[in-house]
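Each reported figure results from applying straightforward, stated rules to the coordinates on display, with no laboratory input. Keep in mind it's a predicted model, so treat the numbers as computed, not measured. Virtual Cβ from ideal backbone geometry, glycine too; neighbours counted across all protein chains shown.
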Amino acid sequence: MMLFQLPEKDVLYRALLDRDAAFEGRAYVGVTSTGIFCRLTCPARKPLAENCTFFETVGECMAAGFRPCRRCHPLTPAAESDPVTALLMDALQKQPGRRWSQADIVALGLDPSTVRRSFKRHFGITFLEMARQERLRMGFQTLSETGRVIEAQIDAGYDSPGAFRAAFSRMLGIAPGQLADGAILRARWLATPLGTMIAVADQHSLHLLEFADRKALPNELKRLRTFAKGRLGIGQFETHDRLGEELAAYFSGQNARFQVPLYLHGSAFTKAVWHALRQIPAGETRSYGQLAGSIGHPTAFRAVARANGANQIALIIPCHRVIGADGALTGYGGGLWRKQKLIEIEKQFIRSKSGMS
């Protein structure tokens, strides 16, 4: 059982020179010549290697006497310290139903190419894509409450039924009219501090929990619709209510234990990997090699990585707790920015010694 361990200094110094985002939130550098500590992605002039001391947490940096950098703001999440993303995220929160355009971005005095790069770096999608997803969420909510596509279309801010159907289908892999009445599997949108998630459940168990912008989501929903023989709809069961309560406890730092029953869609090997993932305590991480060793297949780390990527029940099956052998963050379907934030959230469970999953 191990927590994250910093790699060798030369690896971290190279990451500092390259402004490698893979170590964002996982390592910080204290510069002895200035008394300042920074993110490894800090845009400031790079110090000499002999003036660098690397730390795992901001607390360690401050305990060693370093003060936070005023350029990269290491005490705040990366996206929040970027003035471009902070301004637009605030604007989107205030006007979630607005049909944002590039002209709106320019009107705010921002450069569209800079905005695009900032959002892609922090969130993996552009601001305009994020705004469209928020409008679709509103339409989805209306559809689940009224069952009327035209009302959902209007609330989502689409001028034509065809455009709404196309956007809905791209995200969910199914047109609104194909959603089944009295479905045995039902999808519900859930708001979380890291963005909207979609949960698919039956009366007794959870089948899917994904962030709404995950690229694999349409195919995952298509497979579930086939599994349910077309009886996939929207709405909620008590399973969704229980999940919502447990997610709220998780994000508020009260409890990392999820007890909602799961229905796993995978091979015996894949399920073994998912079971091993659930044995990693909140606040700890493992490499793919360590995960492979824990299931008795130490050389099968590539197969383990594929099983990790096939997980469609985020957070509860914590694939975000798997990192590279060198300690760097590796690919995550929900975006590396979310992986970083989830690991940060779970550090509090180490302190409270109450987190288990």
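Mind checking the dipole of the chain: about its Cα centre, +1 per Lys or Arg Cβ, -1 per Asp or Glu Cβ, Debye to the nearest 20? Working shown, then result.
On the way: 46 positive and 32 negative charges, 111 e Å.
The calculation lands at about 540 debye.
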Inter-label distance for PHE227 and ALA191, nm, one decimal - labels placed 7 Å from Cα along Cα-to-Cβ:
2.9 nm
Could you sort out which of LYS222/LYS347; LYS215/LYS339; LYS94/LYS120; LYS120/LYS341; LYS120/LYS215; LYS46/LYS215 sit more than 25 Å apart by Cα distance in this structure?
LYS222/LYS347; LYS46/LYS215
Inter-probe distance in nm under a simple model that places probes 7 Å from Cα toward Cβ, at HIS73 and HIS275:
4.6 nm
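Over all directions, how big on average is the projection of the convex hull of the alpha-carbon atoms in segment 197-326, in square nanometres? All intermediate terms of the calculation are to be shown ahead of the outcome.
Working: hull surface 33.6 nm².
The orientation-averaged projected area of the Cα hull of segment 197-326 comes to 8.4 nm².
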Using a Förster radius of 30 Å, what is the FRET efficiency between LYS120 and ALA163 based on their Cβ-Cβ separation? Nearest 0.05, please.
0.80
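Mind giving me the FRET efficiency for LYS94 and THR34? R0 is 41 Å, r the Cβ-Cβ distance, nearest 0.05 is fine. Spell out each step's value before the answer.
Details: r = 38 Å, r/R0 = 0.93.
Efficiency for this residue pair is about 0.60.
I need the peptides 261-274, 103-116 ranked by packing, meaning the mean over residues of other C-beta atoms within 10 angstrom, with the highest value on top.
Numbers: 261-274: 16.0, 103-116: 13.4.
Final packing ranking: 261-274, 103-116.
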When averaged across all projection directions, what area in nm² does the alpha-carbon convex hull of the chain cover?
18.9 nm²
Students often get this wrong: which residues of segment 268-305 have the backbone nitrogen under 17 Å from the point 7 angstrom along Cα-to-C-beta of ARG257?
278-283
For each cysteine in the chain, check whether another cysteine's C-beta sits under 4.7 Å from its C-beta; list those where none does.
CYS52, CYS61, CYS319
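Stretched out fully, how many nm does the piece from ARG306 to ASP241 gain, at 0.36 nm a residue minus the Cα gap? Working shown, then result.
On the way: separation 65, 0.36 × 65 = 23.40 nm, distance 3.08 nm.
Stretched out fully, the ARG306 to ASP241 stretch lengthens by 20.3 nm.
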